[in-house]
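The values are calculated or read from the model by the stated rules, or taken from the named source; none is laboratory data. This is a predicted model, so every value here is computed, not measured. Counting neighbours? That spans all protein chains shown, and the Cβs are built from the backbone with ideal geometry, glycine included. The area values use the complete protein model at the heavy-atom level, side chains included, leaving out ligands, DNA and RNA. Shrake-Rupley method; radii C 1.70, N 1.55, O 1.52, S 1.80 Å.
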Amino acid sequence: ITLTTNTTYFVRGIVDCSNRLLANTEGISVVGWDRDKDGLNYTGSGGDFITVTDVNFEMLNLKLLSGNAVGGEVVLRASNFDYGTYNDGRLKVLTLINLQFRGCYDVHHIEGFDLVDIQNCLFWYIQATTMGCHFKNCSKLQITSCEFVRWFREATIPTPGGYATTSMIELLANGAGNGFGAVNITGSILHPQQTQNGIDINTGSTTGFGTIASSTFINIGLTTGETFL
């Protein structure tokens, strides 16, 4: 389903979506009132749930769920990048505020954008096997007051199982382009599980200006994983 230009979609309750969603025109917002009660549950298969391409886009106050277990297919795939143009074509803003990513497998892949602004989001009960939260070539990346915890299958409580096996946050190698202009990760909590890494910065990535401050890294239960790599 291609979302309509200059339209705000209000979500009430948990809406099951068998179709994939595409945002490739301006003025689209997807908004709920309560991230515990309002959300989108992807019940389809055969690709990424939400795709954003070269536009400003925002999602607010929602729970995002997906039982899609195919490796490499994500809840959100967003891109705004054109190597060789001004600022590598990174002229748009991606805004994610007060969301829950919950009960899903691979989470998201975000490349480019002038600003990726992620605030007060909760990433939990995730069974990622290929990618957690991937970022690449973002001009500015801001992660504020977010929590990355309990990356295992929720239904296995009180004896957790189905642990995620890939890093929570990854800053990927540059590839084409100039890498990250500025990265700010502030006031967040990260608790990787067992063999996971918390923040994984690829040695092939570059960051012009970077700050990780006032954040908590928890290493309880880690075996071969690292809180910061």
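Considering only the stretch 191-202, I want to know if a residue exists there that is assigned to a loop (DSSP other than H, G, I, E, B), surrounded by fewer than 21 Cβ atoms within 10 Å (Cβ to Cβ) and on the phi < 0 side of the Ramachandran plot. Scanning the stretch 191-202 turns up at least one residue that is assigned to a loop (DSSP other than H, G, I, E, B), surrounded by fewer than 21 Cβ atoms within 10 Å (Cβ to Cβ) and on the phi < 0 side of the Ramachandran plot.
Mind checking whether some residue in the stretch 49-62 is within 16 Å of R102 (Cα to Cα) and open to solvent by 20 Å² or more (accessible area, probe 1.4 Å)? Checked the stretch 49-62: at least one residue is within 16 Å of R102 (Cα to Cα) and open to solvent by 20 Å² or more (accessible area, probe 1.4 Å). Residue count for the stretch 197-214, restricted to those that are hydroxyl-bearing (S, T, Y) and closer than 18 Å to T130 by Cβ: 0. Restricted to strands (runs of 3 or more DSSP E) entirely inside the stretch 57-135, those with at least 1 residues that are in contact with a Cys (Cβ under 8 Å, 6 or more places away or on another chain) are 63-66, 93-97, 100-104, 108-112, 115-119, 122-126.
Among the residues in the stretch 80-93, are any open to solvent by less than 40 Å² (accessible area, probe 1.4 Å) and either within 16 Å of F49 (Cβ to Cβ) or under 10 Å from the mean Cα position of the chain (by Cα) (or both)?
Initial filter on the stretch 80-93 (open to solvent by less than 40 Å² (accessible area, probe 1.4 Å)): 80, 88-90.
So of that shortlist, the ones also either within 16 Å of F49 (Cβ to Cβ) or under 10 Å from the mean Cα position of the chain (by Cα) (or both) come out as none.
Scanning the stretch 80-93, I find no residue that is open to solvent by less than 40 Å² (accessible area, probe 1.4 Å) and either within 16 Å of F49 (Cβ to Cβ) or under 10 Å from the mean Cα position of the chain (by Cα) (or both), so the answer is no.
Let's see how each residue does on (1) surrounded by 13 or more Cβ atoms within 10 Å (Cβ to Cβ); (2) under 22 Å from G112 (Cα atoms); (3) over 17 Å from the mean Cα position of the chain (by Cα); (4) without any contact (Cβ under 8 Å) to a residue 60 or more places away in the chain:
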position: I1; (1), (2), (3), (4): no, no, yes, yes
position: T7; (1), (2), (3), (4): no, no, yes, yes
position: D16; (1), (2), (3), (4): no, no, yes, yes
position: L40; (1), (2), (3), (4): yes, no, no, yes
position: G44; (1), (2), (3), (4): yes, no, yes, yes
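What are the pairs with Cβ atoms under 7 angstrom where one residue, in the stretch 182-196, is farther than 21 Å from G225 by Cβ and the other, located anywhere, is in a loop (DSSP other than H, G, I, E, B)? Sequence gap at least six, or different chains. From residues that are farther than 21 Å from G225 by Cβ, the pairs are T186/S214; T186/S215; G187/S145; G187/S214; G187/S215. Quick check: is even one residue across the stretch 177-189 more than 20 Å from the chain's Cα centre (by Cα), polar (S, T, N, Q), farther than 22 Å from T85 by Cα and open to solvent by 60 Å² or more (accessible area, probe 1.4 Å)? Checking the stretch 177-189: not a single residue is more than 20 Å from the chain's Cα centre (by Cα), polar (S, T, N, Q), farther than 22 Å from T85 by Cα and open to solvent by 60 Å² or more (accessible area, probe 1.4 Å).
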